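Trainee: To start, I am sharing the structure in question, which I have written as structure tokens.
The values are calculated or read from the model by the stated rules, or taken from the named source; none is laboratory data. Just so it is clear, the model here is predicted, and its values are computed rather than measured. Here the Cβ positions follow ideal geometry from the backbone for every residue, glycine too, while neighbour counts run over all protein chains shown.
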Amino acid sequence: GVNPSDVQFMNAHGTSTPLGDANETNAIKATFGEHAYKLVVNSTKSMTGHLLGGAGGLESVFTVLSIYHQVSPPTINLFNQDPECDLDYCANTARDLKITYALKNNFGFGGTNGSLLFKKV
């Protein structure tokens, strides 16, 4: 199996809403414990906007490309980070990473939520 500490990167749902981002941050902390502070988390929605029903598919492609290229895309325009959102969100600049496992979160209207774990092969 995969342990939470095996995950290096997460492409968050990250809609840039105060309630949503704080809730997702709290869920990441609850799932990963102290390892949450070692994760690099980004939101590709900062660059694409919210693609509604297309978000999960395209953002999954971005997550796989992050593994392939061993880089976290930036969360752009992140200048005034909410104190409740205190993780490493890869603000404004892409970062080279060693990524073996990456997680992608998507949270849909009405509680249709899912996360996909991708592994480098």
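Trainee: Could you list all residues from the range 28-48 that are at pLDDT below 95 and either over 17 Å from N92 (Cβ atoms) or among the aliphatic types (A, V, I, L, M) (or both)?
Mentor: M47
Trainee: Here's a follow-up. Under 8 Å between Cβ atoms, at least 6 apart or on separate chains: pull out the pairs that start in the range 78-104 with a residue that is farther than 20 Å from K119 by Cα and in contact (Cβ under 8 Å) with a residue 40 or more places away in the chain and end on any residue that is among the aliphatic types (A, V, I, L, M) and surrounded by fewer than 16 Cβ atoms within 10 Å (Cβ to Cβ).
Mentor: Taking only residues 6 or more apart or on different chains, the pairs are D82/A22; E84/A22; C85/A22.
Trainee: Looking at this structure, is I28 β-branched (V, I, T) and in contact (Cβ under 8 Å) with a residue 40 or more places away in the chain?
Mentor: In short, yes.
Trainee: Could you please find all residues in the range 59-77 being out of contact with any Asp or Glu (no Cβ under 7 Å at 6 or more places or on another chain), under 15 Å from M10 (Cα atoms), hydrophobic (A, V, I, L, M, F, W, C) and in contact (Cβ under 8 Å) with a residue 12 or more places away in the chain?
Mentor: The answer is F62, V64, I67.
Trainee: Ok, one more. Can we say E34 is of a type outside the set (F, W, Y), surrounded by 12 or more Cβ atoms within 10 Å (Cβ to Cβ) and more than 17 Å from A22 (Cβ to Cβ)?
Mentor: no
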